[in-house]
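The structure appears right after this line, and notes come after that.
The values are calculated or read from the model by the stated rules, or taken from the named source; none is laboratory data. Note that the structure is predicted; figures quoted are calculated from it, not measured. Cβ placement follows ideal geometry from the backbone for every residue including glycine, while neighbour counts extend to all protein chains displayed. Ligands, DNA and RNA are stripped out before the accessible areas are found, and what is left, the full protein with its side chains, is counted by its heavy atoms. Shrake-Rupley method; radii C 1.70, N 1.55, O 1.52, S 1.80 Å.
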Amino acid sequence: LLCPCLLYGAFVFLPFDAPLLPTLSARLVYSLRCATFATVPIVLGMLVGGISLLCRWAVEPSGELRQEVELHRSFVSQSTQLFSLFFLNLAALGTFLPQELLKLLPLLSGLFAISR
């Protein structure tokens, strides 16, 4: 219930507008630019996973990875899969939305990054 209210409030009250995008290729490039912000949680997850592998406690004496390291790997894997679906949906949304609603694309990208 809170998420749609926040999205609507940001759409109405934030003082920015999308640039004029008359062609399909310009809209796809704008979708790609908005989607790059949504990759921040994946990059941070990779960094934290790499740092956890460098710790001396990362590998058990039997040679298996500890549960904490596997948790980071699972997060990065699932985030990558969700990002690919999100990007396809964002690109489709960017091609079909009218010009006045293109403001939603960066808002949805920010919402995806915050939720991940």
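Couple of notes before you dig in:
- Looking across the range 99-116 at every residue that is over 12 Å from the mean Cα position of the chain (by Cα) and outside any helix (DSSP H, G or I), the one that is surrounded by the most Cβ atoms within 10 Å (Cβ to Cβ) is identified as Leu102.
- So Gln81, is it open to solvent by 80 Å² or more (accessible area, probe 1.4 Å) and either under 20 Å from Pro4 (Cβ atoms) or modelled with pLDDT of 95 or more (or both): yes
- Test for Ser62: is it modelled with pLDDT under 95, open to solvent by 80 Å² or more (accessible area, probe 1.4 Å), farther than 24 Å from Cys5 by Cβ and hydroxyl-bearing (Ser, Thr, Tyr): yes
- Only one of Phe75, Phe96, Phe13 that is out of contact with any Asp or Glu (no Cβ under 6 Å at 6 or more places or on another chain), within 14 Å of Ala113 (Cα to Cα) and open to solvent by 40 Å² or more (accessible area, probe 1.4 Å): Phe75
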